[in-house]
Number of protein chains: 2
Amino acid sequence: MTQRVPARVGDPVEAIETPALVLVLDAFERNLDAMAAAAKAAGLRLRPHAKAHKTPAIAHAQLARGAVGVCCQKTDEALAFIEAGIADVLVTNEVIEPAKLQRLARAARGARIGILVDSLPGVEIASQAASDAGVTLDIYVEVEVGAGRCGVAPGVAGALASHAAAMPGLRFAGLHCYHGGAQHKRTPAERSAAIAGAAEGARAAVASVERAGLACAIVTGAGTGSWPNERDSQVWNELQVGSYVFMDADYARNVPGPADLRFEQSLFVLASIMSLPAADRAVCDAGLKAFAFDSGLPLVHRRAGLTYAKASDEHGTLAVQRGEPPWLGERLWLVPGHCDPTVNLYDWIVGVRADRVETVWPVTARGALG
Amino acid sequence: MTQRVPARVGDPVEAIETPALVLVLDAFERNLDAMAAAAKAAGLRLRPHAKAHKTPAIAHAQLARGAVGVCCQKTDEALAFIEAGIADVLVTNEVIEPAKLQRLARAARGARIGILVDSLPGVEIASQAASDAGVTLDIYVEVEVGAGRCGVAPGVAGALASHAAAMPGLRFAGLHCYHGGAQHKRTPAERSAAIAGAAEGARAAVASVERAGLACAIVTGAGTGSWPNERDSQVWNELQVGSYVFMDADYARNVPGPADLRFEQSLFVLASIMSLPAADRAVCDAGLKAFAFDSGLPLVHRRAGLTYAKASDEHGTLAVQRGEPPWLGERLWLVPGHCDPTVNLYDWIVGVRADRVETVWPVTARGALG
């Protein structure tokens, strides 16, 4: 089902067929460098989240800048990165289907693999799979620290960690404390308050683990919207930032803190206007199958007078407001509302620099739902 | 980037790995049969929209029941069906990129291919590509009949048709009159009023074409939500229904007319609960990358006491209300909010009958954005 490449290396940007997922490599690399330098300066491990990009070439660029490994969210996503040579992957999710655990355990013969647990059965089934394969899986206890999703209460983290540490095939590696909702709070004060609450939970979980007589080597979490807060808390020692490589329209709505890094928008959907049915309306070739819409509509980048107003399956309807009229075939650079699920719609990322296609990367883990 | 199959033919349904896109074949075939019989009874051509399923095996099942061909929405989607042996494809969209028109024109050496136009440049560029390839493309003039998207005003349809008819490599085939918004109006009266307006526009466009001295062989349009209205109007003679094969949560919110066919929900996302962090909350393994959310949240099918409440990238958070408590590993049948863009997230459709996997179909045109 892999679709044709929308461009060839060396092509001018104007020759990219639309819609295409286009990465501005200069901005992307500045984002990579800035985050790597910030993590290093803070003495924190950087384990970027590969669910954002699903692209081994990007993971390798992150590792080359000092990342300790990557996070994945799904078993088959993790396997795609391991097959591409990434030797240290943390699946930031509960995995309880035996078939999936067996695949992960087999892969752990050649890579370091971690998973999350938030239940006793989750520990048992992981131990069984690891023992059967003769490997050791790293186990992170997921702690509920405000996200309202998975995870145990902080006070029971120690008990679950002890259980995991005692089971064959498992190694207790640390705590996963992630508060995703904090990423998208708009003001620094709101994000700071949310992560202060999460830090309190994380500290209590660490204490619970230590009371159980275990060392808590890693406390992992954080994301692009809030990582300065996790950094400053002194609780986390590993950052899982993912979206910083691309950014999106939703992150752009966050008001940055005064000292926050400003990551650049590097990811775009390149679209073409293919219908001009009325003076106040233009229609482009990128709709519901070209963007994820959970975080709002795409934004038209640096082109005054056009607003992406409505999506149908394969059309994007633009309101024409003022200024230079759009023209048939005009190409638009659109900023996705939410980068992660938008990337998941594409087979290829077209990397451009100086108006040329420099690379076309396969989005190898696209669609890796299992 | 094709992902592994989530099941094998002959597997019991319980062995399907989640998340998976599952088709209940009995319901699906009843939908196919009912629509084919209704179109035949009305003396209408049936050209189902393949953007809904993107799956050649389903297109062949539609043709076997009398469909004249399929609609596609994108060039590469059309090519995927042509390569799979579908010999008559109408691209219900403007195509203006020369590279795409060249691909379509080359494919027209072995298949009948139609495209839409709503501009003079659209006609010129299609003529050039068809002439260069030594083929004839069918040209349908798209008429704006209420959708507020692409298309010319009814009164100028004749002029554009005449222009197309006079150009080398093109054959004027008819009019495309589609009012997508009418599909999702909730009451029969609202849908009837919307299609009455569309029919008025379509009639005016036919008159414009006939005044230009051309025959208007085909008036094509309609969709699953409104086709009885198009049928009864006596204006359309070809139906483009797509979603009827699957249905979804949004169509289920339509109040059917007294004599309307009731298509059955045949398409589901099979998911698993992998975390039970609180008495009022369960978390499953299907989130923003497993469903399209433009038409609302998925519905939990025939399982009281659970509601799909919130999605993050790879998690679906369920509210637990009452009744039987959920259990770790429990499998949920979820009805997508919007079938078309949900199908586009999957590489495989798992067809089941009598609790067994009967077939696993590749979603060949998944991701065919170009």
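How many residues are open to solvent by 10 Å² or more (accessible area, probe 1.4 Å), part of a loop (DSSP other than H, G, I, E, B) and not hydroxyl-bearing (Ser, Thr, Tyr) if we restrict to the range A:279-304? Summing the residues that are open to solvent by 10 Å² or more (accessible area, probe 1.4 Å), part of a loop (DSSP other than H, G, I, E, B) and not hydroxyl-bearing (Ser, Thr, Tyr) in the range A:279-304 gives 13.
Could you please let me know if B:LEU369 is facing chain A (nearest Cβ under 8 Å), over 29 Å from A:HIS179 (Cβ atoms) and either open to solvent by less than 10 Å² (accessible area, probe 1.4 Å) or at pLDDT 95 or above (or both)? Yes: the conditions hold for B:LEU369.
Taken over the range B:305-353, the criterion of being in a strand (DSSP E or B) and among the polar types (S, T, N, Q) is satisfied by B:THR307, B:THR317. Looking across the range A:259-307, the residues that are under 30 Å from A:ALA41 (Cα atoms) and either free of Cβ contacts under 8 Å to residues at least 24 places away in the same chain or touching a Lys or Arg at 6+ places or on another chain (Cβ under 9 Å) (or both) come down to A:ARG262, A:PHE263, A:GLU264, A:SER266.
Scanning the range B:100-143 for residues that are in contact with a strand residue (DSSP E or B) (Cβ under 8 Å, 6 or more places away or on another chain), open to solvent by 50 Å² or more (accessible area, probe 1.4 Å) and touching a residue at least 40 places away in the same chain (Cβ under 8 Å) turns up just one, B:ARG112. Among the residues of the range B:19-38, those identified as farther than 16 Å from B:LEU261 by Cβ and open to solvent by less than 20 Å² (accessible area, probe 1.4 Å) are B:PRO19, B:ALA20, B:LEU21, B:VAL22, B:LEU23, B:LEU25. From the list B:ALA41, B:ALA87, B:ALA15, the lone residue that is under 29 Å from A:ALA286 (Cα atoms), out of contact with any helix residue (DSSP H, G or I) (no Cβ under 7 Å at 6 or more places or on another chain) and open to solvent by 20 Å² or more (accessible area, probe 1.4 Å) is B:ALA87. Checking each residue of the range B:34-45 against the condition of being touching a residue at least 12 places away in the same chain (Cβ under 8 Å), within 20 Å of B:ASN344 (Cβ to Cβ) and in a helix (DSSP H, G or I) gives no match.
Of all positions in the range B:321-339, at least one carries a residue that is closer than 28 Å to A:VAL343 by Cα, at the interface with another protein chain (Cβ under 8 Å from one of its Cβ atoms) and modelled with pLDDT of 95 or more. Scanning the range B:163-204 for residues that are basic (Lys, Arg) and not in a loop (DSSP other than H, G, I, E, B) yields B:ARG171, B:ARG191, B:ARG203. Test B:LEU276 against the criterion of being part of a loop (DSSP other than H, G, I, E, B), open to solvent by 30 Å² or more (accessible area, probe 1.4 Å), at the interface with chain A (Cβ under 10 Å from one of its Cβ atoms) and aliphatic (A, V, I, L, M), and give yes or no. Criteria not met by B:LEU276. Kindly indicate whether any position in the range B:177-193 is aliphatic (A, V, I, L, M), open to solvent by 10 Å² or more (accessible area, probe 1.4 Å) and out of contact with any Leu (no Cβ under 9 Å at 6 or more places or on another chain). Among the residues of the range B:177-193, at least one is aliphatic (A, V, I, L, M), open to solvent by 10 Å² or more (accessible area, probe 1.4 Å) and out of contact with any Leu (no Cβ under 9 Å at 6 or more places or on another chain), which makes the answer yes.
Summed over the range A:209-226, residues that are open to solvent by less than 10 Å² (accessible area, probe 1.4 Å) and not in a loop (DSSP other than H, G, I, E, B) total 4. Taken over the range A:333-345, the criterion of being surrounded by fewer than 23 Cβ atoms within 10 Å (Cβ to Cβ) and either out of contact with any Asp or Glu (no Cβ under 8 Å at 6 or more places or on another chain) or among the hydroxyl-bearing types (Ser, Thr, Tyr) (or both) is satisfied by A:TRP333 alone. Screening A:CYS150 with (1) buried (at least 22 other Cβ atoms within 10 Å of the Cβ); (2) hydrophobic (A, V, I, L, M, F, W, C); (3) in contact with a strand residue (DSSP E or B) (Cβ under 8 Å, 6 or more places away or on another chain); (4) farther than 18 Å from A:VAL91 by Cα gives one miss only, at (4).
From the list A:GLU314, A:GLU324, exactly one residue is charged (D, E, K, R) and either open to solvent by 10 Å² or more (accessible area, probe 1.4 Å) or within 24 Å of the chain's Cα centre (by Cα) (or both). Which is it? So the residue among A:GLU314, A:GLU324 that is charged (D, E, K, R) and either open to solvent by 10 Å² or more (accessible area, probe 1.4 Å) or within 24 Å of the chain's Cα centre (by Cα) (or both) is A:GLU324.
The values are calculated or read from the model by the stated rules, or taken from the named source; none is laboratory data. A quick note: this is a predicted structure, and the numbers were derived from the prediction, not measured. Neighbour counts run over all protein chains shown; Cβ positions are idealised from the backbone, glycine included. Side chains included, ligands, DNA and RNA excluded: accessible areas come from the protein's heavy atoms. Shrake-Rupley method; radii C 1.70, N 1.55, O 1.52, S 1.80 Å.
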